[in-house]
1. What is the sum of charges around Ile10, taking Lys and Arg as +1, Asp and Glu as -1, for the other residues whose C-beta is under 15 Å from the C-beta of Ile10?
2. What net charge is computed for the residues neighbouring Ala72, neighbours being all others with C-beta under 11 Å from the C-beta of Ala72, Lys and Arg scored +1, Asp and Glu -1?
3. In degrees between 0 and 90, to the nearest 10, how far off the longest principal axis of the chain does helix 3-28 point, with axes built from Cα atoms?
4. Excluding same-chain residues fewer than 8 positions from Lys38, which aspartates and glutamates have a Cα within less than 19 Å of its Cα?
5. So what is the calculated 222 nm ellipticity per residue for the chain, using -39500 (n - 2.57) for each DSSP H run with n of 4 or more, over all residues, to the nearest 500 deg cm²/dmol?
6. Near Lys90, which lysines are there with a Cα under 18 Å away, not counting those fewer than 8 places off in the same chain?
7. Of (i) 60, 43, 26; (ii) 101, 24, 14; (iii) 59, 33, 29, which is the value of Cα extents along the principal axes in Å derived from the coordinates here?
8. How far apart, in nm, are two points set 7 Å out from the Cα along the Cα-to-Cβ line at Met1 and at Met37?
Amino acid sequence: MNDEAARRLIRWYGRRWGIQCWHQVLKDVCKVETRQMKSAQALSRVLTLDMIVAWRVLLLCRLGKTHPQLPASLLYSPEELAVLEVLLKKSSLEEI
């Protein structure tokens, strides 16, 4: 194995951690293992959305650590922020 091949393998291995984190978000946040769909097409559709959600969750976690001052409006549309606000209010009411 030459030096370039060794560097390439190291880069691939370095990406492994991010892939593992993404799969963990799919399992823990999106609950993909509990999906009970009636068709492969429905499962494919929901998994597509879950993969996007998992990617955004990881992005937000990384950005939150490196740039905590960034406004949410940079990454969320006004509609998404409105939904998140409703969910936040609902969850805080359930804690009372």
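1. Cβ neighbours under 15 Å give a net charge of +3.
2. Numbers: positive: none; negative: Glu80, Glu85.
Around Ala72, the charge tally is -2.
3. Result, in degrees: 20.
4. Asp50
5. On the way: 3 runs with 71 residues, N = 96.
That comes out to -26000 deg cm²/dmol.
6. Correct list for Lys90: empty, as no lysines qualify.
7. Computed from the coordinates, Cα extents along the principal axes in Å corresponds to (i).
8. 3.7
Values in this text are rule-based calculations from the coordinates and carry no lab data. Since the model is a prediction, treat every value here as computed from it, not as a measurement. Reconstructed Cβ throughout: ideal geometry from the backbone, glycine too, with neighbour counts over all protein chains shown.
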